[in-house]
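This report refers to the structure that appears directly beneath it.
The values are calculated or read from the model by the stated rules, or taken from the named source; none is laboratory data. Remember, predicted model here, so these are calculated numbers, not experimental data. Here the Cβ is made from the backbone with ideal geometry for all residues, glycine too, and neighbour counts use every protein chain on show.
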Amino acid sequence: MNKYFTAFIILVLSFFYIFFSNDSGGGRVFVNLLTFAGIYGLAAIGINVHFGWTGLLNFGHAAFMGIGAYTTVLLIPHSLGREGVVISTGLPLPLAIILGLIASALLGLLLGLPTLRLRGDYLAIVTIAAAEIFRLLVRDFEDLTGGVYGIIQFSDSLQNSRPDFITQFSENYNISSAQLWVGLLTWFSIVFVLIILARLKKSPWGRALRAVREDEDAVRALGKNAVLLKLQSFMLGAAIGGLSGIFLVFNYGTVQASTFVPVLTFYVWAALILGGVGSLGGPALGAVIFWVIIAGTDTISRFLFESPDGQQLAGVRFVIVGLLIMFCMIFKPSGILGDKEELLLDVK
Amino acid sequence: MSNSILSVKSLKKRFGGLEAVNVDSFELYEGEITSLIGPNGAGKTTFFDLITRFQSADSGSIFLNEKNVTKLNSYKLARLGMVRTFQLTRVFDRMSVYENMKFAGSSIKNEGFLKSLIQTKTLKQQEDHLNVKIDETLKLLNLIEMKDSYARELSGGQKKLLELGRSLMKNPKILLLDEPLAGVNPKLSEELLEIILNLNSQGINILMVEHNIDAVMKISKRVVVMAEGKIISDGKPDFVRSDQKVIEAYLGSSDD
Amino acid sequence: MIEQLGNGLLLGVIIALGSVALSLLYGVTRIVNFAHGEIIAFGAIMTLFFSSSPDSSLLYLDRFSPLGINFIASVLLSTVLCGVFGGLLELLLFRPLRKNNFGNIAVLVVTIGLSIFLRHIYLLFASAKPTSYILELQRRQDYFGIQLTPRNVQVLIVGFIVMVLVGIFLTFTKTGKAMRAVRDSSELANVSGINSDYIILVTWVFSSMLAGFTGIIQGVINNVRWNMGFLILLLIFAGTVLGGIGTSFGAMFGGFIIGILVQLSVGLQFMDGHTEAKNAIALALMIVILLVRPQGIFGSKDRIS
Ligand SMILES: Nc1ncnc2c1ncn2[C@@H]1O[C@H](COP(=O)(O)OP(=O)(O)OP(=O)(O)O)[C@@H](O)[C@H]1O
Ligand SMILES: [Mg+2]
């Protein structure tokens, strides 16, 4: 119980910090932070299925998030690129989202097939490369993706479904209603995904994944197809990543070549490791704490540089991200909510 | 002489300049306990790896019940009933002893993604049903007290037992044991030999690598001796014991 | 296409050198070092720091002014510094992890964190904008149909010499042989009395010096930039996978092929207007290689699963 108490204290302190460090518009900052945390938490839940459950190293989550998001957005009404070509027809949003998730899972299949037969580090290399390929292709194939100009005006498909009381509530408290809606949907999705994952975790399939994580050879010797299990886990985690990518672009309201850059993945990793590799709710909690820390780093930036520009802000953030990943992995690999008995240290 | 269930022809494996395995022909006969012995580095484990397809042979062929399995995946081979253990014990460290056993026994169908998601009644029943066999096997191997411990908390010998228990959950037709007695105390060794004999009498064919010569001579019907990758002697325990080539191989005077 | 061959050779040398360094470290320590690219960048940035004239308007470091040392001296100094850097990483970080039985995967994640940390330290304190060494500008000339500047030719020759030296070091010196012994079997090496801690330290130093030198060459050919290590690292992975992980010769060869291929692909018809995608081609090729021949051209099958 102790760790849940720790988690609770950290959360409460984080929220106090947010309210007192923003004398104006605390509510707005609060919703903004929780929405981002939800999105990254969802992404981290995807990587957790890979790494925490199955021992797979995915350093290209940005690509899975991105392909899900682009697929969905391109299938619904949107405007595109430099000229702002308007495409006013499209699929219903739920269908587009499902196709987006399928696209992410298929990318997982594509990357998994050549690598999951091989030693674990190959997957790490291939996924990080895939994220870079994805970035380059999105930039280069402007006709399809809008390149650096991106895709805009697709949010209505989602915002049209926003209930009135949310709009009302937002106005009363001076919050962005669009963001509140995205944030709520994100956290609902987290709950939904976690319920499914909890069910899977204690099922024969989940147990088989854990066995794969522990020792693939022994799994094979018992007549089980370790590669197939890894592939399924990889596709599932990829699809969850896709879902978070979809929420991310709806939160921004636009998507450009710079939305899904490879480093995005490491935000997600930091959130995961902070929260606790292998635990169910850890990644989501980790993401909240992570975003509080990120908000804090901007204070550090202002301390270091008189008036930090975007590059300096990002630089400081990522320095912290790198340190977080290193230190948590070394000193507290079970994170805040992870199981001590499930320490990942000696995984080969 | 009874039927051959496993048959190996001119199996070769090299590591760089080293000829680890070079076996012209090897047959495993139905119903027997066969032991594979030989000095350290003779190629016994590599031979196991080759016939279970954990490593690929450079050349040669393997037949299981007349079916050519030379190119088959290791896990498919295990599904055909040939289950192995490892010399360096491989248990699922961060799973309980019980979970180790249950994973081994659980059917591949139930481990399907959709089945696990839907979780029908039959799945639950079948899973629960496994518990009987798990308890039975753990009792047999003196592991029942450790049922809920993490596998990594077991002693070296206990891990060996767990690995054997896991293999038994698969109801194997052929059981390949790589040094099952290594690290197991003498008293338990005796019991384990009894168990192995018992399994054999229940119709499980056993091929065992073991350095404990007394034990080997006691329970094996047939002993095969390897040295420097080749089979140098093959026959009844008494025959092998007095074979000059075997004595030379063990005394290390084989470098001519 | 042929006009791209010069660029291909230059990129090839960079990737080949980087691949050997990565491959050597991997072979001996089993660490896939994602911070390799940052050591490469460290070499380039340090050289820039030492060699730029103190009064230059080069504001790549807004905290420290450049020292204005002679260029060749800067190169040597930076290479040595990279060796020290690598040695410190081993002593302060990776050795303690090893002694605490950290598995390869945990260490891999640590190198990822290290790489992100270092890269953004460079962004904050070193060259955020692409910067060149102060070397005189040269025109390209024709060498057997290949267009290169005289300095490019020098770089190519030096690169080849370094590779030959590395080969000689690995094949003939006692330390080099020991490194290969550890690479081929760490248990074996332990038995035969090789002190593997010492060998691993030497490997870190040696590999980091080589990586730093790679970065300097990259800086001379192109320019110096905070994130120069990241993209080149991906191409180095591609080269290493193509040649076969764990083989030094394979890594050199694979690196060259990838370098040439990336540059030649610029001339392809369907690549018209898609210059960025040339790197994507190399990376996609890597994935295809893993599908059809995962051990690479020269690798052995036992190393991959
Ligand atoms: N992956 C490998 N790479 C290189 N050489 C290997 C490899 N595996 C085994 N060998 C070598 O092959 C030979 C046979 O090894 P193997 O493990 O099969 O012997 P063994 O008979 O099982 O010995 P022991 O009784 O000690 O277990 C040994 O000389 C060993 O060094
Ligand atoms: Mg052996």
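Does residue B:127 satisfy the criteria of being facing chain A (nearest Cβ under 9 Å), over 24 Å from residue B:184 (Cβ atoms) and charged (D, E, K, R)? In short, yes. If residue B:13 satisfies every condition in (1) within 16 Å of ligand 1 (Cβ to nearest atom); (2) surrounded by fewer than 19 Cβ atoms within 10 Å (Cβ to Cβ); (3) over 19 Å from the mean Cα position of the chain (by Cα) but one, which is the exception? (2) is the only condition that residue B:13 fails. The condition of being within 30 Å of residue C:33 (Cα to Cα), surrounded by fewer than 22 Cβ atoms within 10 Å (Cβ to Cβ) and modelled with pLDDT of 90 or more holds for only one of A:106, A:194, A:184, A:91, that being A:106.
Is it the case, given these coordinates, that residue B:81 is in contact with a helix residue (DSSP H, G or I) (Cβ under 8 Å, 6 or more places away or on another chain) and in contact (Cβ under 8 Å) with a residue 60 or more places away in the chain? No, not satisfied.
Residues in region A:209-223 that are buried (at least 24 other Cβ atoms within 10 Å of the Cβ) and at the interface with chain B (Cβ under 7 Å from one of its Cβ atoms): A:211, A:218, A:221, A:222. Among the strands (runs of 3 or more DSSP E) confined to region B:1-109, the ones with at least 3 residues that are away from ligand 2 (no atom under 16 Å from the Cβ), out of contact with any Phe, Trp or Tyr (no Cβ under 7 Å at 6 or more places or on another chain) and of a type in the set (Lys, Arg) are located at B:4-15. Could you list, in sequence order, all residues of region A:305-323 that are within 8 Å of chain C (Cβ to nearest Cβ) and more than 23 Å from residue A:258 (Cβ to Cβ)? A:323, the sole residue that qualifies.
Hey, does region A:72-84 have a residue that's surrounded by fewer than 24 Cβ atoms within 10 Å (Cβ to Cβ), without any contact (Cβ under 8 Å) to a residue 24 or more places away in the chain and more than 30 Å from residue C:103 (Cα to Cα)? So far as region A:72-84 goes, yes, one or more of its residues are surrounded by fewer than 24 Cβ atoms within 10 Å (Cβ to Cβ), without any contact (Cβ under 8 Å) to a residue 24 or more places away in the chain and more than 30 Å from residue C:103 (Cα to Cα). Across region B:196-210, what is the total count of residues that are in contact with a Pro (Cβ under 8 Å, 6 or more places away or on another chain) and within 16 Å of ligand 2 (Cβ to nearest atom)? Number satisfying all stated conditions: 2.
If you scan region A:98-131, which residues turn out to be over 17 Å from residue A:56 (Cβ atoms) and touching a Gly at 6+ places or on another chain (Cβ under 8 Å)? Scanning region A:98-131 gives A:100, A:101, A:103. Would you tally the residues in region B:156-179 being within 14 Å of chain A (Cβ to nearest Cβ), within 16 Å of ligand 1 (Cβ to nearest atom) and farther than 13 Å from residue A:222 by Cα? Total meeting the criteria: 3. Residues that are within 16 Å of ligand 1 (Cβ to nearest atom), surrounded by fewer than 17 Cβ atoms within 10 Å (Cβ to Cβ) and more than 8 Å from every other protein chain (Cβ to nearest Cβ) within region B:49-86 comprise just one, B:58.
Of all residues in region A:325-336, those that are touching a residue at least 40 places away in the same chain (Cβ under 8 Å) and surrounded by fewer than 24 Cβ atoms within 10 Å (Cβ to Cβ) total 3.
Sub-7 Å Cβ pairs linking a first residue in region B:27-53 that is over 15 Å from residue B:174 (Cα atoms) to a second residue that is of a type in the set (Phe, Trp, Tyr) and more than 8 Å from ligand 1 (Cβ to nearest atom), at least 6 apart or interchain, are B:39/B:250, ordered by first then second residue. Looking across B:148, B:178, one residue alone is under 19 Å from residue B:103 (Cα atoms) and not β-branched (Val, Ile, Thr). It is B:148.
Scanning region A:240-256 for residues that are over 13 Å from residue A:63 (Cβ atoms) and touching a residue at least 24 places away in the same chain (Cβ under 8 Å) yields A:240, A:243, A:246, A:247, A:248, A:249, A:250, A:251, A:253, A:254, A:255, A:256. Of all residues in region C:66-107, those being surrounded by 22 or more Cβ atoms within 10 Å (Cβ to Cβ) and not in a helix (DSSP H, G or I) number 1.
Residues checked against (1) crowded, with 23+ Cβ neighbours inside 10 Å; (2) within 16 Å of ligand 2 (Cβ to nearest atom); (3) at pLDDT 85 or above:
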{"position": "C:202", "(1), (2), (3)": "no, no, yes"}
{"position": "C:215", "(1), (2), (3)": "yes, no, yes"}
{"position": "C:227", "(1), (2), (3)": "no, no, yes"}
{"position": "C:268", "(1), (2), (3)": "no, no, no"}
{"position": "C:271", "(1), (2), (3)": "no, no, no"}
{"position": "C:276", "(1), (2), (3)": "no, no, no"}
{"position": "C:295", "(1), (2), (3)": "no, no, no"}
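Within region B:205-245, the set of residues being closer than 19 Å to residue B:2 by Cα, surrounded by 15 or more Cβ atoms within 10 Å (Cβ to Cβ) and basic (Lys, Arg) comprises B:222 only. Residue A:117 meets the conditions (1) more than 21 Å from the chain's Cα centre (by Cα); (2) at pLDDT 90 or above; (3) surrounded by 15 or more Cβ atoms within 10 Å (Cβ to Cβ) in every case but one. The failed one is (2). Does region C:137-144 contain any residue that is touching a residue at least 60 places away in the same chain (Cβ under 8 Å), touching a helix residue (DSSP H, G or I) at 6+ places or on another chain (Cβ under 7 Å) and not hydroxyl-bearing (Ser, Thr, Tyr)? Looking through region C:137-144, none of the residues is touching a residue at least 60 places away in the same chain (Cβ under 8 Å), touching a helix residue (DSSP H, G or I) at 6+ places or on another chain (Cβ under 7 Å) and not hydroxyl-bearing (Ser, Thr, Tyr). Taking the criterion of being more than 7 Å from every other protein chain (Cβ to nearest Cβ) and among the aromatic types (Phe, Trp, Tyr), the only residue of region A:118-134 that qualifies is A:134. If you check residue A:67 against the conditions, is it of a type in the set (A, V, I, L, M, F, W, C) and under 21 Å from residue A:273 (Cβ atoms)? Here the answer is no, as residue A:67 does not meet what is asked. Across region B:21-48, the number of residues qualifying as surrounded by fewer than 22 Cβ atoms within 10 Å (Cβ to Cβ) and near ligand 1 (Cβ under 8 Å from one of its atoms) comes to 5.
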